[in-house]
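Please read the structure below before turning to the comments.
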Amino acid sequence: MTNPPEYENQGGELINYTYGKMNTKTNFLSFEKGTLWDRILGTTRVALEHGALKPIKTDGQVMENGGVDFQVRVVKNLARKDADKNPNPFLPYEKDMFVADISDTHLCLLNKFNVIDHHLLIVTQAFEHQETLLTVRDFQAIWRCMTEFEGLAFYNGGKIAGASQDHKHLQMIPLPMASTAYPVPNDRLIHQPQKIPGVIPGLPFVHAFKRFSAITDIPHEMAVQALHQMYRLMLQQVGMNPFTERAETLQSGPYNLLFTRQWMLLVPRSKESFESISVNALGFAGALLARNPEEMVLIEKEGGMGVLHHTAFLKS
């Protein structure tokens, strides 16, 4: 937790002039509405100056396959990430990575080894395992960030789904992902008419999908409850945890969850990688990462959609 640099008591409520309001019951600092993006920019600037933030440089290209303009990047300096051996970088977290406390249960950090600028981690303040089901509290935290600016939220449910840490964390990147016609590469498929409810035409693997609108116009808690219910119903749709199970239980299998202000997608995972190419949730958004030129050639040969279907479950 962070200590307030300057605050005073006004009518029983602690007002922090740097960060916002301090809740007197839970004693946490919460950013004021409309300030998160500026906090991200400020934290990024300082973290770069201190050498704490270590962006992974990449070269990228667009590879069209299966109706998606896949954004494929090959990295130049992945060894810097491989050298980080901290078993849990969130307890304690690195101070230069800290952006804001979101609630009494979650905080927001920069991704230390980011491929995409302003990549955020939404982390539980106390340890929760990455393979426990997402809770209403998780959606409260991530949705609060998503109402601040347009972004793609995603979750790697377990190591097979691409999670590199056992400490529960959601992630978020700003949109658009690239200067193309669609904010998210897979939007090209998502906007096609659905022949079967809950299924995206053109995706050759098991998944659950829901398009929605105007969710930013309803009260925060109503939106959070709707997203959480949608997520639990999607798990049930793909044969995973029944909706009736308690939120604190472990997931019944690995999966990736992705959502924006307009849609949600859940994909059960069968394998973490195709040959040597690791795939996390961003793969199912249409973004793949190659660690060397050989992997880039393999992606080009197999096609982005081919890589994905090797790591998911083919439709029966």
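The values are calculated or read from the model by the stated rules, or taken from the named source; none is laboratory data. Values in this document were obtained by computation on a predicted structure and should not be read as measured data. Ideal geometry is used to build each Cβ from the backbone, glycine not excepted, and the neighbour counts take in all protein chains shown.
Kindly establish whether Asp187 is surrounded by 13 or more Cβ atoms within 10 Å (Cβ to Cβ), of a type outside the set (A, V, I, L, M, F, W, C) and free of Cβ contacts under 8 Å to residues at least 12 places away in the same chain. So Asp187 fits the description; yes. The residues of the range 131-187 that are within 12 Å of the chain's Cα centre (by Cα) and of a type in the set (Lys, Arg) amount to a single one, Lys168.
For (1) aromatic (Phe, Trp, Tyr); (2) in contact (Cβ under 8 Å) with a residue 40 or more places away in the chain; (3) touching a Phe, Trp or Tyr at 6+ places or on another chain (Cβ under 9 Å); (4) surrounded by fewer than 20 Cβ atoms within 10 Å (Cβ to Cβ), each residue gets a yes or a no:
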position: Lys168; (1), (2), (3), (4): no, yes, yes, no
position: Ala178; (1), (2), (3), (4): no, yes, no, yes
position: Pro183; (1), (2), (3), (4): no, yes, no, yes
position: Lys195; (1), (2), (3), (4): no, no, no, yes
position: Gly198; (1), (2), (3), (4): no, no, yes, yes
position: Ala208; (1), (2), (3), (4): no, yes, no, no
position: Phe212; (1), (2), (3), (4): yes, yes, yes, yes
position: Ile218; (1), (2), (3), (4): no, no, no, yes
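The set of residues in the range 151-170 being outside any strand (DSSP E or B) and under 22 Å from Leu227 (Cα atoms) consists of Gly158, Ala161, Ala163, Lys168.
Filtered by the rule that a residue be at pLDDT below 95, among the hydroxyl-bearing types (Ser, Thr, Tyr) and not in a loop (DSSP other than H, G, I, E, B), the range 193-252 gives a lone residue, Thr216. Looking only at residues in the range 257-284 that are among the β-branched types (Val, Ile, Thr) and part of a strand (DSSP E or B), the one that is farthest from the chain's Cα centre (by Cα) is Ile277. The set of residues in the range 31-79 that are free of Cβ contacts under 8 Å to residues at least 24 places away in the same chain, in contact with a Lys or Arg (Cβ under 8 Å, 6 or more places away or on another chain) and acidic (Asp, Glu) comprises Glu32, Asp59.
Across the range 181-198, the number of residues qualifying as out of contact with any helix residue (DSSP H, G or I) (no Cβ under 9 Å at 6 or more places or on another chain), of a type in the set (A, V, I, L, M) and closer than 18 Å to Ala285 by Cβ comes to 2.
Summed over the range 131-147, the residues that are β-branched (Val, Ile, Thr) and buried (at least 20 other Cβ atoms within 10 Å of the Cβ) give a count of 1.
Can we say Gln237 is among the polar types (S, T, N, Q) and within 18 Å of Leu134 (Cβ to Cβ)? Yes. Residues that are in contact with a Gly (Cβ under 9 Å, 6 or more places away or on another chain), at pLDDT 95 or above and not in a loop (DSSP other than H, G, I, E, B) were ranked within the range 171-192; the one that is farthest from Gln61 (Cα to Cα) is Met172. Among the residues making up the range 289-312, a single one is outside any helix (DSSP H, G or I), more than 18 Å from Ile56 (Cβ to Cβ) and within 23 Å of the chain's Cα centre (by Cα): Ala312.
Let's see how each residue does on (1) in a strand (DSSP E or B); (2) among the hydrophobic types (A, V, I, L, M, F, W, C); (3) at pLDDT below 95:
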residue	(1), (2), (3)
Asp69	yes, no, yes
Asn77	no, no, yes
Asp84	no, no, yes
Asp96	no, no, no
Leu109	yes, yes, no
His118	no, no, no
Leu121	yes, yes, no
Phe127	no, yes, no
Arg137	no, no, no
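Looking across the range 291-305 at every residue that is exposed (fewer than 15 other Cβ atoms within 10 Å of the Cβ) and not polar (S, T, N, Q), the one that is nearest to Val68 (Cα to Cα) is identified as Lys301.
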